[in-house]
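For reference, the structure is listed below as structure tokens.
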Amino acid sequence: MTDFETIKKNQRAAWETGDYPRVGNTLQIIAELLVEAADVRAGQRVLDVACGQGNAAMAAARRFAVASGVDYARNLLEQGRERAKAEHLDVTFIEGDAENLPVGDQEFDLTCSTVGVMFAPDHQKAADELVRATKIGGKIAIANWTPSGMVGQMFKTVAGWAPPPAGVRPGTLWGTPGHLTELFGDRVEWTNLTVRTYAFRYLNAEHFSEWFRDFYGPITRLAGTLSDDDLKKFAAELADVPREFNVADDGTLVAPSEYLEAVGVRRA
């Protein structure tokens, strides 16, 4: 039997390493587009699951929704609170597990996640919690990296150095319509399944590799375990991923990465 609790304990330690918001803040546009796709309305109750530093919660708050974010990484929640205060946004940040949300049944008009819930090791339990937290007739909106996109390829590179625990399916499966059908069944009617691209814009591929090694918690933690020679090899392999997808012709990096934007209505 897969020990999901130990896996989550290790995941939490990884996300609390580095400084993820330095990466996550660059992804704000994904949250803005997702909240728009969900057609959030002022006054609606919105929950951002595995919120990190609160991208989707803050996007909802900008539209005068009653926004909350939940995550198990305390440092990310604290940075979310600092961001919300700096932007004069009313967002409640709660410590909690995506597989056991500290909220009531059918409490939210919109339950959402941007490249967050996909990392919960027990996919089915996380999906069940998204459904439980959402009102019947309310919406679930999630944005997740696809397996074939640039980030999906980056995760495969990382897995070559640090294989995932046995029994844990790739998070990028959340970026496929078939997996969403498997997880949610007829409990959610998907009204929008759109493959979008987000362009990672860095000085060059080496800058991308350095940024992720310095700040993206799981990669930062992995890099800290490598010898000097292996770290050089890993850094080069990490740079090769966005280089393959680069569309810039001016020496900088513009690497589009696919993600699936999914919006659905919770049925009884």
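The values are calculated or read from the model by the stated rules, or taken from the named source; none is laboratory data. All figures in this text were calculated on a predicted structure; none of them were measured in a lab. As a convention, Cβ positions derive from the backbone with ideal geometry for all residues, glycine included, and neighbour counts pool all protein chains shown. Protein only, heavy atoms only, side chains kept; ligands, DNA and RNA dropped before computing areas. Shrake-Rupley method; radii C 1.70, N 1.55, O 1.52, S 1.80 Å.
This table checks each residue for (1) touching a residue at least 40 places away in the same chain (Cβ under 8 Å); (2) under 24 Å from ASN75 (Cβ atoms).
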| residue | (1), (2) |
| --- | --- |
| THR92 | no, yes |
| GLY104 | no, no |
| VAL115 | yes, yes |
| ALA127 | yes, no |
| VAL131 | yes, no |
| ASN144 | yes, yes |
| SER148 | yes, no |
| VAL151 | yes, yes |
| MET154 | yes, yes |
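What's the total number of residues in segment 205-221 that are open to solvent by less than 50 Å² (accessible area, probe 1.4 Å) and more than 21 Å from PRO147 (Cα to Cα)? Of the residues in segment 205-221, 3 are open to solvent by less than 50 Å² (accessible area, probe 1.4 Å) and more than 21 Å from PRO147 (Cα to Cα).
Residues in segment 125-168 that are part of a loop (DSSP other than H, G, I, E, B) and either under 20 Å from TRP190 (Cβ atoms) or of a type in the set (Gly, Ala, Ser) (or both): THR146, PRO147, SER148, GLY149, ALA162, ALA166, GLY167. Scanning segment 80-102 for residues that are under 16 Å from the mean Cα position of the chain (by Cα) and closer than 18 Å to LEU27 by Cα returns a single hit, GLY80.
A count restricted to segment 92-109 and to residues that are of a type outside the set (Phe, Trp, Tyr) and surrounded by 24 or more Cβ atoms within 10 Å (Cβ to Cβ) stands at 1.
Inspection of segment 110-118 identifies no residue that is open to solvent by 40 Å² or more (accessible area, probe 1.4 Å) and either farther than 20 Å from VAL188 by Cβ or of a type outside the set (Ser, Thr, Tyr) (or both).
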